[in-house]
Amino acid sequence: MNLFDFFRNYDIVTVMTFFPCIGALFLFLLPAGSPRIRLVAFFFSLWPLLFALRMLGDFDPACAAAQFRSRLPWIPSLSVDYFVGVDGLSMAMVLLVSILTPLTVLGAFNWTGTSEANRYGAKPFYALILLEQTGLYGAFTALNFFHWFIFWEASLVPMFFLIKLYGGPDRTHAAYQFFVYTFVGSVAMLIGMQFVYLATNSWDFVELARMARTTGSGESELAMKIRTMAGTLGIPWLMEHSVTFIFALVFLGFAVKVPLWPFHTWLPVTYTQAPTAGAMLLTGLMSKMGVYGFLRIVLPLFGATMGQYATLLMLLAAATILFGALAALAQRDLKTLVAYSSVNHLGYCLLGVFAVASATGNLDDKALALNGVIVQMFAHGLSAAGLFYFIGLIEQRAQTRQLDDLGGLRKTVPVLCGLMGITMFASLGLPGLAGFVGEFMIFRGAFPLAAEITALAVVGILLTALYLLTMTGRVFFGPQDDKWNGMSDLTLRERVVSGVLVALLFGIGLAPAPLIDLSNSAVMLLAKSLV
Amino acid sequence: MPTLADYLTLAAILFCIGLAGALTRRNAIIVLVGIEMMLNAANINLVAFWHFLPPATGTGQIFALFAIAIAGAEAAVGLALVIAVYRHFRSVSVEDIAGLKG
Amino acid sequence: MPWIVENLWLIPFLPFLAAGITALFTREKRIPAAFLVIGAMAFSFLLSLCAGAHVLRAGHGGMIREAFNFTWFAYGDSAVRLGFVLDPLSAMMLFVVSFVSLLIFIFSVGYMDHDENFTRFFCFLSLFAGSMLALVIANSLLLLFMAWELVGLSSYLLIGFWFHKPSAAAAMKKAFITTRIGDIGFFIGLLWFYTETGTSLFYDGGQGSLESAKLGLIAAMGGITALSISLLIFCGAMGKSGQFPLHVWLPDAMEGPTPVSALIHAATMVAAGVFLVGRMYPLFEVDPAALRTVAYVGAFTALFAATIAMAQWDIKRILAYSTVSQLGYMMLGLGVGGYVAGLFHLFTHAFFKALLFLGSGSIIHACHHEQDIRKMGGLKDRMPVTFVTYCVGALALAGVLPFAGFFSKDEILLDAQHFAAKLGGAASVPFCFGLVGAFLTAFYMTRQVKYVFFGKARSHATEHARESSWWMLGPLAALGFMSVFAGFLGFPNEVLGFIGLNKFHHFLAPDLHAHAPSGWIMLGSTAVVLIAIFCGWKIYQGAALEAGAGDPMEARWPEVFRWLNNKYYVDEFYAKTFVWFTHALARAIHFFDRYILNLIFIWGSAGAVYVLSLINQLIDETAINRGFDGGCSTLRRGARWNRWVQNGLSQHYLRITSASIVLLFILALLLGR
């Protein structure tokens, strides 16, 4: 094999995944306090975008199966493979990670200069972001549960340290709460999946999904195997409900992560205490891991089981939407407010996922809702990360993020206000911006499946508007306050970060077709298994 | 015709003399001589067993020959060590050399 | 497909483009911004005229409806499609919106000349006009909704243009939220309608949702499906068009600069609701109960808002409530079956209400932003052009022959009368309300004109008022012209056979049968209006127009006046109920989250972990620690002995070894065999 062949045939997914990780190691070679640290970090976080774009170029939207596959036996005795690949569900997420992480790093240039964020130096800070990026890539591309789970957990660790070392005043409490709570969910999921492994002798998502699709005598091959395995325990009652139990365990892991009401209470504290870059990653990318998990694991494997509880779950999703929005309305801290808005927006994704699981309905509606979930994930990733970024900028300039202290900023920082306004309107689902497309698709897809609950959830878009406009009004409008006189508007770098976000929001809002084309085939495969 | 027991007794006596020398004398060279005697006592045993016990292959003899050769090598190394120790400590008394203590 | 249909998208696109470019301008680029925006609008206006001409020419002797559809995105095995449609309704709306917008843009150059955010203002105006133009040509309920929301956004931005005033900041939010309440209904209706018909397009060669095949499908479904969808969509119209009970945002929206008020309250945003009902008329017709509801809501709003307008002091608020009332008329017209009548009123109202608002803008500008009519007075000599045009607008609004308002209002009353005759009983309510509303309208306009233009100047600012510049008077004149003559387009065909053939009706709905005009209604409504003007003229003169004098009506019926002046306390009622409830609920949820759920889940999981760790500690200390500690002390003892053994003397080691061997031998001898 000559060099040319190597560069044509290398395993692009693996290289992309570990590229930031290598960057993190490389950072430690630099002298502490070097001004080059952040540039190097930016380089290593941005470079994977090239891989992602190359993948996008080679990606075949018509193919439903995973592409760019690479499979190596890892622990053959436990049928654990290192198995990665990118399909329609993950392509959008890979792109989102590739876009959002460099922006986060670039945005973080602002904070690493300040004494507060400099508590432990810039080097670990950027290294943690880069490690987080590797974890995210891994979690979005893995096709084997075992190695997926490693990345899933590994992405918790850098975030824990980002919060613990660089967070706000209550960071220790928040970091532990975040870690322990999500970990409890993960453990539940791990236990559930171990049962699945014992029953099927496979960790492979593709294989497991195939088993769940194969039906015979009223239940899927997967369910049958699980019941047979549970049968060996000799408790008939347990055997009867074994699939439900395992579903519940796995479900819990993702429900905490997304989060679903009432498992969301770790989120406001965590987001509020996290440093701005951490909050951007948390809301923009990590919360998507949960939804992605629903698409990758829960729906393909336990779609039928979930369908039995679809009404209850959709009610919970509606509660997530409505209660998230109402709680946001009661907040006085900008960051907590936007944190609750994240709960609110992810509720739409969950509504789509749960609606799709219901047993009735036709293929196209389900495909629409699932595509909508992906668009909504993408859109919310951009807009919520953007909002946290802007809040960080406001906090840096005003030294406060309490609604009651702010006011009349528009006069002083018109560009910041304008760009944040666009991001906010994208978040509240204004047509022409990204948020509307996802919400419309989810609602339109879910409506034929469960009209009443969808109608209930639509009220959420009113409440979303209510709290976001209240926020904007408090921060930007009203009489100009002299204490903001010295405040400077956005610098060029800040304009680049927010400009890219805003441009993407417009792009997806006006022409969502390319994004939807990416996911459509994979979504159709998934939807077909649920009809 | 001496029996196996006679040879073994001889070897035991020789061994004890060697051991006594090795344990009681301070001079490192004498200690070395004692050790050589103990080795040779073992050699006598080897040859004796080879001679009296079946099967009568050449194993014991070859074994003894090896032991002698090794003893020779060991004596050479041991003496070289003694010289090195003497150069270092200006003494060949084993009581002055306690460097093995950890 | 004709060129104009294929390029219909250009009409909204040009203002959007202008808005996008001016958004990037700095504050100083005032002239390029105004030039760009007005230029784009002028082009849109020309294109709208082309579109209108195409409809006129092609629609000769029949209805023309041409649509240009495209796929927005594909999903599954189907797709979401959007499109633009050119038919008489959209052509009429295109003309109205682009014409009035263009005049208002020109007016704004004069009105906003001192404002530091002049550039931004034109950007928002252009965005607004673009959204409105997109709304009227949408051939898809989805696209219509999208434009609808953009209209909401731009009104939000424009109402809050002077965002440093807390009242403006409150009004912008109120406008957006209140209309969005209606939009919730609209959106649900949209989802439902889309689901039932399976297409997002209105007209799609027989497969559109408003074409007979799909409507038949909905009608065949029976039950309340058609009614529910219609009413849900009507919720959106109620929000945008300020129908009771969602009218509260509209008067507050007067916080925006006056050209904005003209734009929002005359031609565009508020008309969107009426237009929506007009556009969805085939659906509303499926279940008659839907149209009846529209009629009653409209009738109530028409009367309700007119009474409030009688007791307001702010020149713009009077016009705002008048707008609410007139929108009620339009809804009433549509609801009683007068499809053409309602839209004709929309058409004429756009001109004279824009005229009145711009006239009030001219007055406010001249009086240094004084808006209280008690502090004006005597302006007829100082601002003659404004006075004349304002009177034309007022007469048109009051519905005096031969001004535009007369014809449209008369047509509505005519249809309402037929409605009452056909159904009987409660169905006469719209007609009666309409007639009383006509009286009140004429009355409060007389009151306003008397207060503003007659008597003596009652404040310093008014004394020095000067006629406005031609930037502002030009549009007034153009609108005045339309207010006089637009009505003749709908001249009933049988009164004077040689003048008209009700051109408007023929243009908009050639297939629809028009009721024969009734002389009694014309006479009756004219009489009512004249009596009202006479009453108003008599009451508001002499001492009533002196400085410091109260309203004669207030002296006569203080309680009634107080209720009317406070708008029946609807705002206060909402604040005490819905707003309070929402915030209380928010606080309750917050509390529940923070304390109850946190307690259960966070402390629950933390507690579980803690209990586990307690158990772990117990095991550690009793089982593991004991063994471990024991091991340690053994090791320590062993180490002490070890220290004696390892003294580094090789002979010592040898001694131990040999002694051990001897011992082993002895042991072997004793225990062996």
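The values are calculated or read from the model by the stated rules, or taken from the named source; none is laboratory data. Bear in mind that the values here come from a model prediction, so they are computed numbers and not experimental data. Note that each Cβ is placed from the backbone with ideal geometry, even for glycine, and that neighbours are counted across all protein chains shown.
Side notes on the structure shown:
- Residues satisfying the criterion are absent from region A:494-508 (criterion: within 11 Å of chain C (Cβ to nearest Cβ) and in a loop (DSSP other than H, G, I, E, B)).
- Any pair with Cβ under 8 angstrom, 6 or more apart, that starts in region A:52-73 at a residue that is among the polar types (S, T, N, Q) and ends at one that is exposed (fewer than 14 other Cβ atoms within 10 Å of the Cβ) and in a loop (DSSP other than H, G, I, E, B): A:GLN67/A:ASP60
- Selection status of A:GLY473, assigned to a helix (DSSP H, G or I), out of contact with any strand residue (DSSP E or B) (no Cβ under 9 Å at 6 or more places or on another chain) and either more than 10 Å from chain C (Cβ to nearest Cβ) or at pLDDT below 90 (or both): yes
- Scanning region B:25-45 turns up no residue that is more than 14 Å from the chain's Cα centre (by Cα), loosely packed, with under 14 Cβ neighbours inside 10 Å and under 19 Å from C:ILE661 (Cβ atoms).
- Among (1) modelled with pLDDT of 90 or more; (2) more than 12 Å from the chain's Cα centre (by Cα) - the single one C:ASP183 does not satisfy: (2)
- Count of region A:169-216 residues which are hydrophobic (A, V, I, L, M, F, W, C) and closer than 20 Å to A:VAL256 by Cβ: 15
- For region C:66-75, the criterion of being within 27 Å of C:TYR339 (Cα to Cα), touching a Gly at 6+ places or on another chain (Cβ under 7 Å), within 14 Å of chain A (Cβ to nearest Cβ) and crowded, with 21+ Cβ neighbours inside 10 Å is met by none of the residues.
- When C:PHE43, C:PHE13 are checked against the criterion of being within 14 Å of chain A (Cβ to nearest Cβ) and either surrounded by fewer than 21 Cβ atoms within 10 Å (Cβ to Cβ) or at positive phi (or both), a single residue qualifies: C:PHE13.
- Selected residue (only one of C:ALA147, C:ALA170, C:ALA138 is touching a helix residue (DSSP H, G or I) at 6+ places or on another chain (Cβ under 9 Å), surrounded by fewer than 22 Cβ atoms within 10 Å (Cβ to Cβ), within 14 Å of another protein chain (Cβ to nearest Cβ) and among the hydrophobic types (A, V, I, L, M, F, W, C)): C:ALA170
- Count of residues meeting criterion [within 14 Å of another protein chain (Cβ to nearest Cβ) and either touching a residue at least 40 places away in the same chain (Cβ under 8 Å) or buried (at least 19 other Cβ atoms within 10 Å of the Cβ) (or both)] in region C:186-204: 12
- Considering region A:269-349, the qualifying helices (runs of 4 or more DSSP H), each wholly inside and each with 3 or more residues that are aliphatic (A, V, I, L, M) and in contact (Cβ under 8 Å) with a residue 12 or more places away in the chain, run over A:276-281, A:299-308, A:310-329.
- Of the residues making up region C:318-346, those that are buried (at least 24 other Cβ atoms within 10 Å of the Cβ) and not in a helix (DSSP H, G or I) are C:VAL336, C:GLY338.
- Residue in region C:620-643 that is under 30 Å from A:PRO262 (Cβ atoms) and either out of contact with any Ser or Thr (no Cβ under 8 Å at 6 or more places or on another chain) or surrounded by 11 or more Cβ atoms within 10 Å (Cβ to Cβ) (or both) present: no
- When each of C:GLN207, C:GLN243 is tested for being without any contact (Cβ under 8 Å) to a residue 24 or more places away in the chain and more than 10 Å from chain A (Cβ to nearest Cβ), the lone residue that passes is C:GLN207.
- Of the candidates C:PHE124, C:PHE176, C:PHE163, the single residue that is within 13 Å of another protein chain (Cβ to nearest Cβ), free of Cβ contacts under 8 Å to residues at least 12 places away in the same chain and under 27 Å from A:LEU466 (Cα atoms) is C:PHE163.
- Residue in region C:219-229 that is crowded, with 23+ Cβ neighbours inside 10 Å and not small (Gly, Ala, Ser) present: yes
- The set of residues in region A:449-458 that are at the interface with another protein chain (Cβ under 8 Å from one of its Cβ atoms) and modelled with pLDDT under 90 contains only A:ALA451.
- Condition met for C:ILE589 (touching a helix residue (DSSP H, G or I) at 6+ places or on another chain (Cβ under 7 Å) and facing chain A (nearest Cβ under 8 Å)): yes
- When A:SER519 is tested against (1) within 30 Å of A:ALA330 (Cα to Cα); (2) facing another protein chain (nearest Cβ under 10 Å); (3) part of a helix (DSSP H, G or I), only condition (1) is not met.
- Among the residues here, C:THR582 qualifies as of a type in the set (S, T, N, Q) and facing chain A (nearest Cβ under 10 Å).
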